[in-house]
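Have a look at the structure below, then the notes.
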Amino acid sequence: MSTIIANCGEIAHLSTGDINKPISGHEMSDKESLVYPKGYAIIIRNGKISLIDDNDIILDEYIPWYEGGDISKNGYNVIDAGGKAIIPGLVDSHNHLVWSGDRSNELYLRQSGNSYLDIAKLGGGIKKTVNSTRKSSFSELLSKAMERLEIAIMYGTTSLEAKSGYGLSNETEEMILKVISSAGTNSKCKVFPTWLGAHDIPEGKSRKKYLEELIHEQLPNVYGNGLAKWVDVFCEPGWFTIDETELIVKASKEIGLNSRLHVDEFVDSGGLSLAAELGSSSGDHVAFSSDESRELATKSGTMQTFLPGTPYILGKEINLPIQKCIDEGWNFSIATDFNPNYPSLSMPFVGSLLSHRLNVNPLVSLIASTRNPATSIFDPGKMRGSLSIGSPADLNIISSSFIDGWCQTPGINPIIKTMIDGNIVNSNKTI
């Protein structure tokens, strides 16, 4: 049965140019090229976008009997959008999906003047979550992961990258990656696993011993058992150095795994430059990266992924060079960075931070949450993140007639319906 979404408000198709490549520069705000005005309809066949055309033309040609409302008849499932806007499914390309424990007490520690590194030295941070996660069973972690994926879908996310990193041992990292795989198999959301064994040095092991374990035990196990698509390293002062990161990433490349890297969150340590030089799929956080490294990343195909929720939750100014990236034509995307310290799965809220705190055009924020991150996780020819003809029908109907409304209701979910591969996977009540 084919599906027709009738009576649409604005439709952010985002299908200009080569959809296997990101949109950059001032083209990101070219609404005329990227958004259909109110009065169009969408036909979906076999889970893919088949046609987007004038609403009256589609209704007259395909369903002349249609009088409004949601109905299934004569081989068509008709959804009445009621004048509401349509956006692509949101793509969360940096997410720590699997962990257990509670670190909400760390807010008071931060308010008392402790830095992220200070809290780690006090026994909090990553190591605290590792201890809790190691005590959890596979079924307990899978249950948490499935609950979180349902929440992500509720907020319009249709594709998601999920990291390990809270095991810090061969056995527990393997279990977390298997949880991610099982969650992806059992969820409608598209889930892509990343091995982040190099998240921290575990208690009871020397740096040298753990580096040896990462390269000679964990990495071969991850690759040999097909547990991850990428390798990640937390490349920051106090965690893993540039040289250590390079060593791990080069070892991963030798056996066929590309990388996504945590870099330059706290200072410019040259992490984004390294990611670009190594051909990483993305360099994430990148708050303090140099202009030269941002230019290099764009030229090398390494996506900058900004994570504005992180400085927000740390009580810091959200000082990200988004406008300069636009002016210079540097590719970028945004993601949630869902983790024990920032336990939010709402991509619309991340978009709100960009648009309300940094004065970024909501269309630009949307592209940074859909098409651009999709290019860093999907292979060419399997691309999502836009509503181009022939692409999978991953989309959201939102509560506004204008696409701008996707990120303008912080605290209230703007998503009415979510589709993945042309199937409705979520329906929310709206105010």
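Computed over every Cα-Cα pair of segment 1-72 and binned at 10 Å starting from 0, the pair-distance distribution P(r) comes out as 18, 44, 27, 10, 1 percent. With the convex hull constructed from alpha-carbon coordinates only, segment 143-243 shows a mean projected area of 7.0 nm² over all directions. Checking the cross-link pairs K38/K429; K121/K299; K205/K299; K208/K299 against a 27 Å limit on the alpha carbon distance flags K121/K299; K205/K299; K208/K299 as lying beyond it. From the alpha carbon centroid of segment 189-243 to that of segment 383-427 is 34 Å.
Counting only DSSP H runs of at least 4 residues, each contributing -39500 (n - 2.57), and dividing by the residue count of the chain, the helix-based mean residue ellipticity at 222 nm comes to -9000 deg cm²/dmol. Rounded to the nearest 10 degrees, the inclination of helix 125-134 to the longest alpha-carbon principal axis of the chain is 80 degrees.
Given a cut-off of 24 Å, what percent of all Cα-Cα pairs of segment 247-387 lie beyond it?
27
For segment 66-109, dividing the convex hull volume of the Cα atoms by the residue count gives 219 Å³ per residue.
Going by alpha carbons, how many degrees (0 to 90, nearest 10) lie between the helix axis of 242-254 and the longest principal axis of the chain? That works out to roughly 60 degrees.
On a per residue basis, the convex hull of the C-alpha atoms belonging to the chain measures out at 130 Å³. For K253, neighbours were defined as the other residues whose beta-carbon sits under 14 Å from its Cβ, and their charges (Lys and Arg +1, Asp and Glu -1) total -1.
Bridgeable lysines around K190 (alpha carbons under 22 Å apart, same-chain partners fewer than 8 residues away excluded): K21, K48, K144, K163, K178, K229, K382, K417. Summing charges over all other residues whose Cβ lies under 13 Å from the Cβ of H94, with Lys and Arg as +1 and Asp and Glu as -1, gives -4.
Laboratory data are not the source of any read-out in this text; all were calculated from the coordinates shown. Bear in mind the structure is a predicted one, so any value in this text is a computation, not a measurement. Using ideal geometry, Cβ is built from the backbone for each residue, glycine included, and neighbour counts are taken over all protein chains shown.
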